1. If only one of 181, 192, 155 is outside the structural domain of residue 34 (by TED's automatic domain parsing) and touching a helix residue (DSSP H, G or I) at 6+ places or on another chain (Cβ under 7 Å), which one is it?
2. Filter the stretch 7-19 down to the residues that are of a type in the set (Val, Ile, Thr) and touching a Ser or Thr at 6+ places or on another chain (Cβ under 8 Å), then identify the one that is surrounded by the fewest Cβ atoms within 10 Å (Cβ to Cβ).
3. Among the numbered criteria (1) in contact with a Pro (Cβ under 8 Å, 6 or more places away or on another chain); (2) within 20 Å of residue 63 (Cβ to Cβ), which single criterion is violated by residue 173?
4. Tell me yes or no: at least one residue of the stretch 37-46 is modelled with pLDDT under 95, part of a loop (DSSP other than H, G, I, E, B), under 19 Å from residue 85 (Cα atoms) and of a type in the set (Ser, Thr, Tyr).
5. Checking the conditions here, which among 29, 84, 22 is part of a helix (DSSP H, G or I) and exposed (fewer than 14 other Cβ atoms within 10 Å of the Cβ)?
6. Can you report the number of residues in the stretch 43-59 which are more than 20 Å from residue 126 (Cα to Cα) and surrounded by 13 or more Cβ atoms within 10 Å (Cβ to Cβ)?
7. Would you mention how many residues in the stretch 126-154 are touching a strand residue (DSSP E or B) at 6+ places or on another chain (Cβ under 8 Å) and among the small types (Gly, Ala, Ser)?
8. Condition check: closer than 30 Å to residue 170 by Cβ, at pLDDT 95 or above, of a type outside the set (Phe, Trp, Tyr) and in a helix (DSSP H, G or I). Does residue 114 satisfy that?
Amino acid sequence: MTEILEKYIPQASVIPAFELIKNHNVHLKIVNERVTRHGDYRKMPNGQHQITVNATLNKYRFLITLVHEIAHLEAFTKFGRHIKPHGLEWKRTFQLMMLPFLRPEVFPNNLLPLLARHFKNPKASSDTDATLALALKQFDPQNDKNYIFEIPFGAHFRIYNGKIFKRGNQRVKRFECTEIATGKVYLFNPNAEVEFLK
């Protein structure tokens, strides 16, 4: 298992991550990219704990996602199945589990202050923390996508499922965008990756 983990997470995090997996009796599945999520946790009918993580994540996002999902398992085990999935119990569990990884041997120095700020009150997804998400994306392979905040006002763009939108005004943090086919208005995070239609 450690040989597999070495391909996906920072070297200095392999042993502690392996210990988390082993101690929580996790069956880790590394899967092809799912656009809607980085990973998930589920208790299988046979009682086994399965965590899936997207293979395409960069090593820092993979590690955060892995610990995020193990924190779900731990929070449900400790506090019961009726807690909110991303409520206070999960947040505290996630914070404690991530603490040993928040060091320069694991994460680059420019990410550490952003991670420290994020983990004061972790969100359901690191993508909702636009500053952290953009910082993490610098470690992704190059692609031809643009972020919503880079799309000019009034310009058109396509999302992963082929739907085409027109970029509108920024509302506090998110952008109002109108779907061309239906006229419906949707809110997009500034760091959503889309295809700019020039």
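1. Values: 181 fails: touching a helix residue (DSSP H, G or I) at 6+ places or on another chain (Cβ under 7 Å); 155 fails: touching a helix residue (DSSP H, G or I) at 6+ places or on another chain (Cβ under 7 Å).
One residue alone meets the criteria, 192.
2. At the first step, the residues of the stretch 7-19 found to be of a type in the set (Val, Ile, Thr) are 9, 14-15.
Next, only the ones that are touching a Ser or Thr at 6+ places or on another chain (Cβ under 8 Å) stay: 14-15.
Values: 14: 20, 15: 10.
The residue in question is 15.
3. The failed condition is (2).
4. Of the residues in the stretch 37-46, the ones modelled with pLDDT under 95 are 37-46.
If we keep only those that are part of a loop (DSSP other than H, G, I, E, B) as well, we get 38, 44-46.
Those left that are additionally under 19 Å from residue 85 (Cα atoms): 38, 44.
From the residues that got through so far, the ones that are of a type in the set (Ser, Thr, Tyr) too are none.
So far as the stretch 37-46 goes, no, none of its residues is modelled with pLDDT under 95, part of a loop (DSSP other than H, G, I, E, B), under 19 Å from residue 85 (Cα atoms) and of a type in the set (Ser, Thr, Tyr).
5. Among 29, 84, 22, only 22 is part of a helix (DSSP H, G or I) and exposed (fewer than 14 other Cβ atoms within 10 Å of the Cβ).
6. 3
7. Here the count works out to 1.
8. Judged against the criteria, residue 114 is a match.
The values are calculated or read from the model by the stated rules, or taken from the named source; none is laboratory data. Keep in mind that this is a model prediction, so the values were computed, not measured. Here the Cβ is made from the backbone with ideal geometry for all residues, glycine too, and neighbour counts use every protein chain on show.
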